[in-house]
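**Student:** Below you'll find the structure I mean.
The values are calculated or read from the model by the stated rules, or taken from the named source; none is laboratory data. Quick caveat: nothing in here was measured; it's all calculated off a predicted structure. No Cβ is skipped: glycine too gets one built from the backbone with ideal geometry, and neighbour counts run over all protein chains shown. With ligands, DNA and RNA removed, areas are computed over all heavy atoms of the protein, side chains included. Shrake-Rupley method; radii C 1.70, N 1.55, O 1.52, S 1.80 Å.
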Amino acid sequence: MTPDLECTDLTRRFGETLAVDDVSFSVPAGSFFSILGPSGCGKTTIMRMIAGFLEPTSGDIQIKGRSVLDVPPNKRPVNMVFQHLALFPMMNVEANIGYGLRRAGMAKPEISRKVDEVLERIGLPGVGKRKVDELSGGQRQRIAIARCMVLEPDVLLLDEPLGALDLKLRERMKIELKALQAEFDTTFVYITHDQSEALVMSDRIAVMNKGKFEQVGTGQDLYFRPQTPFVASFVGDSNRWRGTVERTSGSTVELRTETGLTMRAAAKSPQAKGATVDIFVRPEAIRLAHDDADLAQFDNRIFGRVSSLLFNGAASRILVESYESGGEVEVTLPQSGEFSDLKRGVPVHIGWTAENANCFAAGEG
Ligand SMILES: Nc1ncnc2c1ncn2[C@@H]1O[C@H](COP(=O)(O)OP(=O)(O)O)[C@@H](O)[C@H]1O
Ligand SMILES: [Mg+2]
């Protein structure tokens with residue numbers, strides 16, 4: 001099936017700045033696609049090119065199989081929701097949602113019917129006569145989306161739409177946005193610098209860095225199988241070490257970190273003896289035990305003492321300082337609550353597999 005959106009070799013320069021560098025991707029109909037990356041990596045520039053506010057330096061943008069490069073923004077079958085929702089404060093909800101339809105010349109009764117229908121679908125029936133500033137932040141968010149959805153775009157572009165909301169509301173809106181997307185069955189392209197937003201909502205995510213896509217995949221792909229050190233460090237938390245390869249055996253390497261830990265790790269690209277590498281191990285991939293014998297199946301084992309307790313409810317962690325090298329390792333406490341009464345200074349054993357230690361050439365990305 002033809003994808004709803006397909007960008008091919010998309011590039012945009014601003015003078016010397018290469019804001020978007022040869023990016024290609026396609027988004028199947030009805031799916032939720034996110035572009036995740038740090039501020040300044042080129043996300044908004046991609047959106048503005050898709051929406052038609054900015055011309056690509058080179059490359060093509062197709063919507064439902066047709067190039068839209070020579071289609072002006074108001075004629076493209078896309079709509080864009082910005083961080084600052086730009087609802088008209090002087091108009092009521094109905095007038096806000098009907099704005100685009102009025103501009104398109106639709107008859108009043110028809111507009112009224114469409115507005116009622118979309119308010120129903122976003123779970124806010126009957127608020128049409130209310131002023132925008134009588135609504136909560138979350139309701140305003142839904143109205144902003146309804147205002148786009150009523151135009152029935154092929155693709156909805158959302159540029160950090162939750163960025164201005166407080167944390168609690170953002171958490172709730174993540175769930176609501178995902179539900180709205182499923183309800184309308186519209187293709188969403190969502191950009192954010194917040195990995196949790198991307199992981200929770202998306203069918204697929206592109207991780208973007210310095211104008212390029214580093215990896216495109218499901219949340220699970222990015223989290224468990226990062227292909228570049230940038231993805232490994234940007235998505236989720238990791239222990240991160242720099243080290244030197246001492247031995248190699250197939251794709252497994254033995255190395256020593258700068259902090260003096262010896263480790264077996266999985267090389268994501270071929271490494272030779274003496275190579276400098278970066279190693280990433282997730283805190284939740286590390287097992288805790290009172291007895292080293294319980295960790296026999298792990299390639300990497302350390303005996304140390306608890307040097308810090310980082311209490312954070314179900315996501316609590318500890319730092320373990322190796323007796324041998326003094327290096328520290330961050331470890332997630334098990335959900336079972338088994339180690340919830342650990343105290344600082346207590347000796348513990350920790351272990352993790354080589355497979356859970358992702359190793360890349362140092363400085364890659
Ligand atoms: N109109 C512009 N003129 C010059 N440089 C720009 C313009 N728009 C964006 N840039 C530059 O392009 C890069 C990417 O910007 P942007 O797409 O806004 O990033 P993001 O949305 O990921 O934060 C930045 O270096 C930014 O300074
Ligand atoms: Mg931006």
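**Student:** If I filter the range 290-335 down to residues being of a type in the set (A, V, I, L, M) and open to solvent by 40 Å² or more (accessible area, probe 1.4 Å), which single residue comes out as nearest to residue 352 (Cα to Cα)?
**Tutor:** The extreme case among them is 296.
**Student:** Quick one: which residue in 342, 309 is modelled with pLDDT of 90 or more and part of a loop (DSSP other than H, G, I, E, B)?
**Tutor:** Among 342, 309, only 342 is modelled with pLDDT of 90 or more and part of a loop (DSSP other than H, G, I, E, B).
**Student:** Of the residues that sit in the range 345-360 and are in a strand (DSSP E or B) and closer than 18 Å to residue 235 by Cα, which one is most open to solvent (accessible area, probe 1.4 Å)?
**Tutor:** Checking each candidate, the answer is 358.
**Student:** Mind listing just one residue for me: the one in the range 150-208 that is within 16 Å of ligand 1 (Cβ to nearest atom) and either open to solvent by 10 Å² or more (accessible area, probe 1.4 Å) or of a type in the set (Asp, Glu) (or both) and, of those, farthest from the chain's Cα centre (by Cα)?
**Tutor:** So, considering only residues that are within 16 Å of ligand 1 (Cβ to nearest atom) and either open to solvent by 10 Å² or more (accessible area, probe 1.4 Å) or of a type in the set (Asp, Glu) (or both), the one farthest from the chain's Cα centre (by Cα) is 164.
**Student:** Something else now. In the range 4-37, how many residues are in contact (Cβ under 8 Å) with a residue 60 or more places away in the chain and closer than 19 Å to residue 201 by Cβ?
**Tutor:** Here the count works out to 14.
**Student:** Here is a list: 78, 27. Which entry is away from ligand 1 (no atom under 15 Å from the Cβ), of a type in the set (Val, Ile, Thr) and more than 20 Å from the chain's Cα centre (by Cα)?
**Tutor:** Only one candidate qualifies: 78.
**Student:** Taking residue 162 and the conditions (1) within 16 Å of ligand 2 (Cβ to nearest atom); (2) of a type outside the set (D, E, K, R); (3) part of a helix (DSSP H, G or I), which numbered condition does it fall short on, given that it satisfies the others?
**Tutor:** Residue 162 satisfies every listed condition except (3).
**Student:** With 216, 253 as the choices, which residue is open to solvent by less than 10 Å² (accessible area, probe 1.4 Å) and modelled with pLDDT of 95 or more?
**Tutor:** Being open to solvent by less than 10 Å² (accessible area, probe 1.4 Å) and modelled with pLDDT of 95 or more holds for just one of 216, 253, which is 253.
**Student:** Yes or no: the range 264-285 includes at least one residue that is open to solvent by less than 50 Å² (accessible area, probe 1.4 Å), polar (S, T, N, Q) and over 23 Å from residue 247 (Cβ atoms).
**Tutor:** no
**Student:** Just to verify a result, which residue in the range 304-325, among those that are small (Gly, Ala, Ser) and out of contact with any Gly (no Cβ under 7 Å at 6 or more places or on another chain), is nearest to residue 256 (Cα to Cα)?
**Tutor:** Ranking the qualifying residues of the range 304-325, first place goes to 304.
**Student:** Among the residues in the range 82-90, are any more than 25 Å from the chain's Cα centre (by Cα), at pLDDT below 95, loosely packed, with under 13 Cβ neighbours inside 10 Å and closer than 15 Å to residue 151 by Cβ?
**Tutor:** Looking through the range 82-90, none of the residues is more than 25 Å from the chain's Cα centre (by Cα), at pLDDT below 95, loosely packed, with under 13 Cβ neighbours inside 10 Å and closer than 15 Å to residue 151 by Cβ.
**Student:** Which residues, taken from the range 219-250, are in a strand (DSSP E or B) and surrounded by fewer than 19 Cβ atoms within 10 Å (Cβ to Cβ)?
**Tutor:** Hits for the range 219-250 are 240, 242, 244, 246, 247, 248, 249.
**Student:** Let me ask something else about it. Restricting to the range 35-57, what's the tally of residues that are among the small types (Gly, Ala, Ser) and more than 8 Å from ligand 1 (Cβ to nearest atom)?
**Tutor:** The qualifying residues number 2.
Condition check ((1) open to solvent by 10 Å² or more (accessible area, probe 1.4 Å); (2) away from ligand 2 (no atom under 16 Å from the Cβ); (3) of a type in the set (Phe, Trp, Tyr)) across all residues:
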residue	(1), (2), (3)
6	yes, yes, no
14	yes, no, yes
25	yes, yes, yes
29	yes, yes, no
34	no, no, no
40	yes, no, no
47	no, no, no
74	yes, yes, no
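**Student:** Here's another thing I want to ask about it. With respect to residue 101, is the statement that it is modelled with pLDDT of 90 or more, in a helix (DSSP H, G or I) and either farther than 30 Å from residue 135 by Cβ or away from ligand 2 (no atom under 13 Å from the Cβ) (or both) true?
**Tutor:** Answer is yes for this residue.
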